[in-house]
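The structure appears below as structure tokens.
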């Protein structure tokens, strides 16, 4: 069973389909039923021999119109299709409108674009880079007018070191395209510059037309020198923009592009200068700071700090020395004391005393010994006395023995040899002495 | 900067110096030397960028639109300002 749609569903579906199918259309036709609302929006019907379509041109898009449209005008429109659901109608929202002739140009423009695209001339891979530091800048534009002045102003304001070579050309009207193309070739032929600006100021599509000519496109495409296209215009693009290596919205912008890299580097160099300066100053500051903090170190502010370690060592050494000295002194004192004692002990008087004492002792012991001995001797003697008495000569005499003595001497004659013939002798006998003379001597 | 050094090599050297100086690993003496070198490089690079005389010329053309050439076949130019005054 087929789904049942609401009117709105169907209308929205149509809207989606149509609007996405025709987002951008260029079409030509004749204006009829022209009406301007008080709002400023323009309403009309575009028709040809067999068909018609409603169009609206909002106020915002009317300011580029050369004049107010009227019924019967042949126009070329750039528009998009919209569906208006409340009325169930479709209409064209007109973006741009060109009057007859111009419409043809727009078509030509789009055709040429397609052709060039097909040829591959618009390929991004073919775009040449701009020179970084161009010295000579070629310009293809009119010698009169604001454009060349604008370019010179921009280039001179930023740099003093640039050569600008102008190839003066007609930029509109009959023969302009040929002149422009030729100028581009001339720059290439004589290698007159590093980069080329081709352009003119704003104007109508007709005015700008030379920049949409194939001959210019070809010259730009074949240029060995990088080309900047700078065409002030109302349409989306010019052919020269598309073929050029870079497009600039205005000639001044083109000039900025040319020196962009250079001024970028100048800026970078200035930045570099600031950075190195900043770095070196920072580094110096840092070292200075460190130096200052070193200066504040106690070693520098108070030199004795430097010595304190040694002072401590010295103190310590002194202390130890003192201890050692004290100890040694004490020892020596003690030694001395001992020696004194010894010395005192060795004093002569004392020695004498002690010797005396010893002597007395010896004396005593001698006496004791002597007495003992004496006693012993006495005893011995006493024992001898009886013995001696027993051998006493008187006792012998009593027993009949006599002792001879010389006449005048008292020592006894002990041997016959002491006797001489006729000598007088005395005879000690018991009871008295008798005198005798030696008559005879007989030796044994 | 030695004469035959390109702008690019000088500039690259400058970047190396900057990186070195910013690394903070360079002794003061060396960083002073680097600074001097950088200063020289910056000056010479800047000079190189500005190193040309400002000239604004306009190509002289014949009636038929061809360039007017001198005897050696080079296009003839005149000072654009002069030309402007004459207008």
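Derivation of every value follows stated rules applied to the coordinates shown; laboratory data play no part. Fair warning: this is a prediction, and the values are worked out from it, not measured in the lab. Cβ sites come from the backbone with ideal geometry, for glycine too, and all protein chains shown count toward neighbours.
Taking Cα atoms only, the orientation of helix A:102-119 departs from the longest principal axis of chain A by about 50 degrees. Remark on the range A:395-437: ratio of C-alpha radius of gyration to 2.2 N^0.38 Å is 1.12.
The P(r) of the range A:124-264 has a tail past 19 Å containing 42 percent of all C-alpha pairs. Here the gap between residue A:293 and residue A:320, fully extended at 0.36 nm per residue and compared with their Cα-Cα distance, gives a gain of 5.9 nm. When the Gaussian network model of chain A links Cα atoms closer than 10 Å, the mean-square fluctuations of A:305, A:34, A:211 top out at A:305.
Considering only A:190, A:110, A:380, give the residue with the highest GNM mean-square fluctuation for chain A, with springs between Cα atoms whenever their separation is below 10 Å. Highest fluctuation among the options: A:380.
Assuming 0.36 nm per residue, please report the length gained on full extension of the stretch residue A:191 to residue A:115 beyond their Cα-Cα distance. Intermediate results must be reported in sequence, preceding the final value.
Values: separation 76, 0.36 × 76 = 27.36 nm, distance 2.95 nm.
Full-extension gain reported as 24.4 nm.
Applying 1/(1 + (r/R0)^6) with r as the Cβ-Cβ distance of residue A:144 and residue A:28 and R0 = 51 angstrom yields a FRET efficiency of 0.90. Which ordering of A:325, B:60 is given by a fewest-first count of other beta-carbon atoms within 10 Å? Taking fewest neighbouring Cβ atoms as first place, the list is A:325, B:60.
Where both bridge residues fall in chain A, DSSP classifies roughly 65% of the beta bridges as antiparallel. Relative contact order of the range A:395-437, taken over Cα pairs closer than 8 Å and 6 or more residues apart, is 39 percent.
Beyond 22 Å, how much of the Cα-Cα pair distribution for the range A:7-100 remains, as a whole percent? Roughly 27 percent, rounded to a whole number.
Here the calculated FRET efficiency for residue A:174 and residue B:40, from their Cβ-Cβ distance with R0 = 51 Å, stands at 0.35, rounded to the nearest 0.05. Comparing Cα centroids, the range A:249-283 and the range A:295-309 end up 51 angstrom apart. Taken over the alpha carbons of the protein assembly as shown as equal point scatterers, the Debye sum produces base-10 log I(q)/I(0) values at 0.06, 0.11, 0.13 Å⁻¹ of -0.65, -1.12, -1.25. What separates the Cα centres of the range B:25-68 and the range A:93-167 is a distance of 27 Å. Taking the range A:31-47 and a reference point 7 angstrom along Cα→Cβ of residue A:59, the backbone N atoms nearer than 18 Å belong to A:35-44.
Shielding by partners for peptide A:144-156, expressed as the average number of C-beta atoms from other protein chains within 10 Å of each residue's C-beta, is 1. Extension gain for residue A:418-residue A:327 works out to 23.4 nm (0.36 nm per residue, less the C-alpha to C-alpha distance).
Determine the shielding of peptide B:26-39 by partner chains: average, over its residues, the number of Cβ atoms on other chains within 10 angstrom of each Cβ.
Mean number of neighbouring Cβ atoms from other chains: 3.
Remark: spin-label model distance residue A:309-residue A:387 equals 10.5 nm, labels positioned 7 Å along the Cα→Cβ axis.
Would you give the gap between the C-alpha center of the range A:46-80 and the C-alpha center of the range A:340-389, rounded to a whole Å? So the two Cα centres are separated by 179 Å.
Using DSSP, restrict attention to beta bridges with both residues in the range A:1-108 and report what percent are antiparallel, rounded to the nearest 5. Restricted to the range A:1-108, the bridges split so that about 90 percent are antiparallel.
Calculate the spin-label point distance for residue A:206 paired with residue B:62, positioning each point 7 Å from the Cα along the beta-carbon direction, and give it in nanometres. The answer from the label model is 3.4 nm. Taking every alpha-carbon pair under 8 Å whose residues sit at least 6 apart, the range A:7-100 reaches a relative contact order of 32 percent. Give the shape of the range A:224-337 as rounded, prolate or oblate, defined through the alpha-carbon gyration tensor: a ≥ b ≥ c are the square roots of its eigenvalues, a/c under 1.5 means rounded, and otherwise the shape is prolate if a/b is larger than b/c and oblate if not. Prolate, since a/c reaches 1.5 and a/b exceeds b/c.
Using Cα atoms only, what is the angle between the long axis of helix A:348-390 and the major principal axis of chain A, expressed in degrees (0 to 90) to the nearest 10? Rounded to the nearest ten degrees, it is 30.
Counting beta carbons within 10 Å around each of A:171, A:216, A:324 and listing the fewest first gives the order A:324, A:171, A:216. Remind me, relative contact order of chain A in percent, using alpha carbon pairs under 8 angstrom and six or more residues apart? Averaging sequence separation for qualifying contacts and normalising by length gives 8 percent for chain A. Residue A:442 to residue A:360: FRET efficiency via 1/(1 + (r/R0)^6), r the Cβ-Cβ distance, R0 45 Å, to the nearest 0.05? In this case the efficiency is close to 0.10. Dimensions of the range A:237-279 along the principal axes, based on C-alpha atoms and rounded to the nearest Å, stand at 51, 16, 11, largest first.
The modelled label-to-label distance for the pair residue A:302/residue A:153, using points 7 Å beyond Cα in the direction of Cβ, is 7.4 nm.
What the Cα atoms of the range B:7-49 give is an Rg and a Dmax of 10.6, 32 Å. Once all Cα-Cα distances of the range A:270-351 are split into 5 Å bins that start at 0, what whole-number percent is in each one? The distribution over the range A:270-351 is 4, 10, 8, 7, 7, 7, 6, 6, 6, 5, 5, 4, 4, 3, 3, 3, 2, 2, 2, 1, 1, 1, 0, given as percents.
Considering only A:109, A:374, A:339, the Gaussian network model of chain A with Cα springs below 10 Å gives its largest mean-square fluctuation to A:374.
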